[in-house]
Amino acid sequence: MKELGLFFALLLAFSSWAQKNIEVQYIDSEPLNGALFLGKDIFLASYLVKDQVILVKRAESEKEYQNLSLGPIAAFDAINPMQLCVFYKRFNTVLLLDKELVLIKTIPLTERNTQLQPGYVGMSSQNRLWLWDELTNQLGLLAVQSLVYTSLTTPFPDPIKHQQSDINYFYWISEQNNFYYSDIYGKISKAYPLPSYDDIHIISPHKLIYLKDKQLYYLDLQTNLQCQVLIGEKSISGFFFNTQILSIFTDLEIKNYLITLP
């Protein structure tokens, strides 16, 4: 009887999501040529990496940057196209690049903060970096110029399986599939249980897109609205969203669609 009650409780929870469909409009496609797609910025430049070489492709030009001595790229952040953030976990180092992929600054994350074990780094506001410390499971901010690290939170109670950030918020999903976010002052949201997913992109504190069984869904956690995104693409290996552009990528190419979210 307990198992039956749990089944109906879960059925009720997921049936409470309002359902509708979102249509998209095909724009164009871009060949990958063996590269890994990293994302797009607000100016629609595409960023890729191939053999540890970063590529930026615009309609009028292509640029590249490489620093093979630092090893593989752990995270890439183009939230500010004028100051791209590249995190090399093996050597606890961040490189800041300008829009032409010219090196602006090298940041040794643990030079003054030897206690840290950075697991995620991304751009935040006021010339600071989000830094999630794997060792303590805590979130903090690192000043780019002074390298002063400020802890924002106490240790998170659960292990983290996904992280993402923008200028104002750090987002994470726990191993229990609960979604949280923190602002730059360390104020943490309540837990939002998420449906099972294969891949996910967080748009804002209450909006996200996720991939499940080769199908995309848009989810609004405030309004309990869930929409199926109708793309007709069956060979999705990943996706990216930025400024109304939904990029679907396979092993061979990127397909870009215009999407209007509710």
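The values are calculated or read from the model by the stated rules, or taken from the named source; none is laboratory data. None of the values given here were measured: they were computed from a predicted structure. Please note: Cβ atoms are built from the backbone with ideal geometry, for glycine as well, and neighbour counts cover all protein chains shown. These accessible areas exclude ligands, DNA and RNA; they are computed on the full protein's heavy atoms, side chains included. Shrake-Rupley method; radii C 1.70, N 1.55, O 1.52, S 1.80 Å.
Some notes on this structure:
- Residue match in the stretch 104-121 (condition: closer than 15 Å to Asp77 by Cα, of a type in the set (A, V, I, L, M, F, W, C), out of contact with any helix residue (DSSP H, G or I) (no Cβ under 6 Å at 6 or more places or on another chain) and in contact (Cβ under 8 Å) with a residue 60 or more places away in the chain): no
- Search result, residues across the stretch 184-200 that are outside any loop (DSSP other than H, G, I, E, B) and either over 16 Å from the mean Cα position of the chain (by Cα) or crowded, with 19+ Cβ neighbours inside 10 Å (or both): Ile188, Tyr192, Pro193, Ile200
- Hits in the stretch 132-151 (condition: of a type outside the set (Ser, Thr, Tyr) and over 20 Å from the mean Cα position of the chain (by Cα)): Leu135, Ala143, Val144, Gln145, Leu147, Val148
- Applying the set (1) in contact (Cβ under 8 Å) with a residue 24 or more places away in the chain; (2) of a type in the set (Val, Ile, Thr); (3) loosely packed, with under 15 Cβ neighbours inside 10 Å to Thr154 leaves exactly one unmet item: (1).
- Flag for Arg90 being open to solvent by 70 Å² or more (accessible area, probe 1.4 Å), more than 24 Å from Asn242 (Cα to Cα), without any contact (Cβ under 8 Å) to a residue 24 or more places away in the chain and among the charged types (D, E, K, R): yes
- Residues of the stretch 194-209 that are in contact (Cβ under 8 Å) with a residue 40 or more places away in the chain and under 30 Å from Leu142 (Cα atoms): Asp199, His201, Ile203, Lys207.
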